[in-house]
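S.K.: Quick one: the structure is below, and I'll ask about it shortly.
All of the numbers you see were taken from the coordinates with simple rules; none came from a lab. Computed from a predicted model, the values in this text were never measured in an experiment. Every residue, glycine among them, receives a Cβ derived from its backbone with ideal geometry; neighbour counts consider all protein chains shown.
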Amino acid sequence: MSSILKTDSLDAKDINEKYFDTHESLDVYKQLKQREQTWWKSRQQLTLLRERQMFWFGDHSFMMWLLWQLVSYIVVAMVLMLLSKLLDISLPLWQYIALFVIQTLIFIVMLSFKDRFARQLQYKINQADLSREETLNEMTILASDSLYRDVHAKAPITLKQIYRYYNAEFHLASLHRLLQKEVDAGRLMYGEQKVEADILPLELADDALKEYARDIIYKSLI
């Protein structure tokens, strides 16, 4: 408990006053920060792509396509009515029918390419996921000479204290993800806490993770 109380004295400026043995050590922290930002952007992009996949190509995607086609009919009809009033013109019925037939044909063509669109989107998701994992692996290598070393030196320490120690320059979810790898490797363990941190989803957003950060305690096993 005394070790935990000792880490409470850490504040946000500590990271800026850290003593680096060499310029290489400082460079490692800078590289880790850059990779973390890249990983975070890749993570957000992957989330957006998966949401798009669920929306357009999920279990009920066919109904969604029909719904949007119905919406397009309504929008076109409203635009035509508005133009007719503004320009004081009246289109013959066959032109209205022809326009809606063209809309329907376009919809049928797009629907026939649905599987192709789905494969293209899945390819983008796979590439984004691969990029995210590669960046995470690079972060893990850099963390072994920076983040992990600091955590082991100051353990036991909470996730919130680590977050403050690094001047809030890293996302909580990023720190949690990296430290989970060290836990999985058997070099860190979770201390007594109110929250079962080992079963928390690693993809928790920062806003959700803030609720648990002070209760997630890391203890060194080396």
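S.K.: May I ask you to compute the full-extension gain from R52 to V79, defined as 0.36 nm times their residue separation minus their alpha-carbon distance, rounded to one decimal in nm? Intermediate results must be reported in sequence, preceding the final value.
M.R.: Numbers: separation 27, 0.36 × 27 = 9.72 nm, distance 2.77 nm.
Full extension of this stretch gives 6.9 nm more.
S.K.: Report ³J(HN,Hα) in whole Hz for each residue of the stretch 118-128, in order, from the Karplus equation J = 6.51 cos²θ - 1.76 cosθ + 1.60 where θ = phi - 60°; Gly and Pro get x.
M.R.: 5, 5, 5, 5, 5, 5, 4, 5, 4, 5, 5
S.K.: Using each residue's phi in the stretch 38-51, evaluate 6.51 cos²θ - 1.76 cosθ + 1.60 at θ = phi - 60° and report the 3J(HN,Hα) Karplus result to the nearest Hz, with x for Gly and Pro.
M.R.: 5, 4, 5, 5, 4, 5, 5, 5, 5, 4, 5, 5, 5, 5
S.K.: Rank these for me by crowding, Y163, Y123, going from fewest to most other beta carbons within 10 Å.
M.R.: So the residues, fewest neighbours to most, are Y123, Y163.
S.K.: Which of the residue pairs K124/K181; K154/K181; K160/K181; K160/K219; K41/K154 have a Cα-Cα distance greater than 20 Å in the structure shown?
M.R.: Values: K124/K181 26 Å; K154/K181 18 Å; K160/K181 18 Å; K160/K219 14 Å; K41/K154 29 Å.
Over 20 Å apart, Cα to Cα: K124/K181; K41/K154.
S.K.: Which order do the peptides 111-122, 148-159 take when ranked by the mean count of other beta-carbon atoms within 10 Å per residue, highest first?
M.R.: 148-159, 111-122
S.K.: Can you tell me which of 176-186, 56-66 comes out highest on packing, and rank the rest after it, using the mean Cβ neighbours within 10 Å?
M.R.: For the peptides 176-186, 56-66, the packing ranking is 176-186, 56-66.
S.K.: For labels at I108 and M64 in the simple 7 Å Cα→Cβ model, what's the distance in nm?
M.R.: With each label point 7 Å from Cα toward Cβ, the separation is 2.5 nm.
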